[in-house]
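As structure tokens, the structure follows; a few thoughts come after it.
The values are calculated or read from the model by the stated rules, or taken from the named source; none is laboratory data. Since the model is a prediction, treat every value here as computed from it, not as a measurement. Every residue, glycine among them, receives a Cβ derived from its backbone with ideal geometry; neighbour counts consider all protein chains shown.
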Amino acid sequence: MIGNQKTLKIIHAGALQRVVENCVELLIKQNPGLKIKILGVGSREGAKRLLSGEHYDIIALADQALFAELLVPDLVENYFVFATDQLVIGYDRSSKGSKEITQDNWVDTLLDPQVNFARSDHDLDPCGYRTLMVWQLAEKFYGRTGLYEAMEAACIPYSIHPKSLDLAKALFTGKVDYAFLYSSEAEQLELPYITLPSKINLSNPAYANFYDQAVVTVESKIPGKSVILHGKPIEFAIGLSKDSQYPELAQSFVDLLTGSEGYSILEECGLIPC
Amino acid sequence: MDEEMISKFELAIPIDRTIQAELLLLLGQQPSHGYELIQRLNGADFKSGEADPATVYRNLRRMDKDGLIKSHWEVGESGPGRRLYELTPQGLEALKVWTNYLAEQKAKLENFLNTYLHFVKSQLEMDEGRDKP
């Protein structure tokens with residue numbers, strides 16, 4: 001029995017909401033009395049919260065590169081890649097053009113003036129900067145000069161739906177016809193979606209060199225400064241805070257997530273455990 | 001792997017699972033992470049088509065569970081920690097079984113091609129025979 005005073009704090013990518021909730025449920029079963037507080041945010045925002053002094057025992061982010069860029073070595077010693085995913089275009093059955101959109105005509109469908117689409121905020125959410133990377137790669141892949149600029153100009157301002165989960169809600173309410181999401185989010189929310197070619201959907205390490213050509217500028221950890229990010233295969237990672245008060249409990253959570261039970265949960269939630 | 005297991009294994013291997021043989025071979029050459037394996041697999045000259053990450057990771061987990069490979073988390077020195085996979089003695093045996101199976105498939109395909117060539121040749125000879133006055 002764990003004393004009631006023990007509260008484990010987890011900050012995680014919004015896309016991992018259901019994964020973390022399911023793992024927390026299992027960990028509490030194994031440790032009756034344990035309290036766990038979880039907070040889902042855009043991963044870039046989450047890493048910056050730690051930098052600003054907020055304390056969490058466990059950090060699970062949608063981009064492993066954020067650990068090296070913002071958290072290691074001061075706040076986190078080691079971090080582990082535990083899942084992969086791909087970017088897709090989610091929509092609702094009532095979205096305009098939803099009966100016609102395919103992997104071959106998605107660009108033209110989205111650029112139709114009657115259709116609206118959205119992405120999340122690249123300064124807060126990896127899904128946001130990954131969407132910009134997908135558009136750049138699509139321009140090269142399809143040989144359509146100007147595609148990236150056209151997509152940027154036609155997209156709903158990212159400030160309206162800053163996190164990828166906000167986009168999902170906007171799809172449900174009909175405020176948005178199409179949104180760039182992780183396939184796991186679309187699966188969990190039972191939203192229909194269009195998959196993109198693997199050469200542009202950031203899913204396959206075989207295309208790491210091609211993805212690397214995509215470049216996005218985001219706010220750095222120093223206010224007013226920016227940092228350049230290159231495209232990489234999508235990898236989710238988890239790390240423990242160096243100053244966790246409960247390192248053993250925190251490690252149990254990581255062991256659970258990266259063990260056979262965690263594998264099942266990740267798969268049920270549409271992620272690829274690795 | 002005993003004789004009975006090998007026999008069961010041989011019966012249970014559809015050709016679309018050759019990715020397991022490919023992964024076993026690559027892991028025999030050197031222990032690797034999934035990320036690196038996907039890159040090596042797609043660069044290998046014996047691979048036809050694109051190996052997608054979901055298929056690779058699913059097969060790695062299956063083989064890990066079956067004892068053909070083993071894995072542990074390796075802390076990254078300058079990057080993220082990743083699960084490192086390596087071949088087990090059972091995996092090496094399975095690779096031999098796979099190689100025998102593929103050699104048999106190759107022989108069967110060669111037999112098919114040879115039979116087909118004989119068939120084409122006989123067709124030509126028949127046509128030529130018909131054309132003669």
Give the stretch B:15-40 a look and list any residue that's part of a helix (DSSP H, G or I), among the polar types (S, T, N, Q) and either within 14 Å of another protein chain (Cβ to nearest Cβ) or closer than 11 Å to residue B:60 by Cα (or both), or say none. B:20, B:39
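Does the stretch A:1-52 hold any residues that are outside any loop (DSSP other than H, G, I, E, B), of a type in the set (S, T, N, Q) and over 19 Å from the mean Cα position of the chain (by Cα), and which are they?
A:7, A:30
So, in the stretch B:70-108, of the ones that are hydroxyl-bearing (Ser, Thr, Tyr) and more than 18 Å from residue B:29 (Cβ to Cβ), which residue ends up modelled with the highest pLDDT?
Filtering first and then ranking leaves B:101.
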Could you give me the residue pairs with C-beta distances under 6 Å whose first residue belongs to the stretch B:41-68 and is without any contact (Cβ under 8 Å) to a residue 12 or more places away in the chain and within 11 Å of chain A (Cβ to nearest Cβ), whose second residue is crowded, with 20+ Cβ neighbours inside 10 Å and not in a helix (DSSP H, G or I) wherever it lies, and which are 6+ apart or on separate chains? B:42/B:51; B:54/A:272
Restricting to the stretch B:24-40, and then to whatever is surrounded by 20 or more Cβ atoms within 10 Å (Cβ to Cβ) and in contact (Cβ under 8 Å) with a residue 60 or more places away in the chain, can you tell me which residue is farthest from the chain's Cα centre (by Cα)? B:27
Determine which member of the set A:243, A:255 is within 14 Å of chain B (Cβ to nearest Cβ) and either modelled with pLDDT under 95 or surrounded by fewer than 19 Cβ atoms within 10 Å (Cβ to Cβ) (or both). A:255
Only one of A:79, A:91 is away from chain B (no Cβ under 14 Å), aromatic (Phe, Trp, Tyr) and surrounded by 23 or more Cβ atoms within 10 Å (Cβ to Cβ). Can you tell me which? A:91
In the stretch A:167-183, how many are more than 19 Å from residue A:102 (Cα to Cα), in contact with a strand residue (DSSP E or B) (Cβ under 9 Å, 6 or more places away or on another chain) and touching a residue at least 24 places away in the same chain (Cβ under 8 Å)? 3
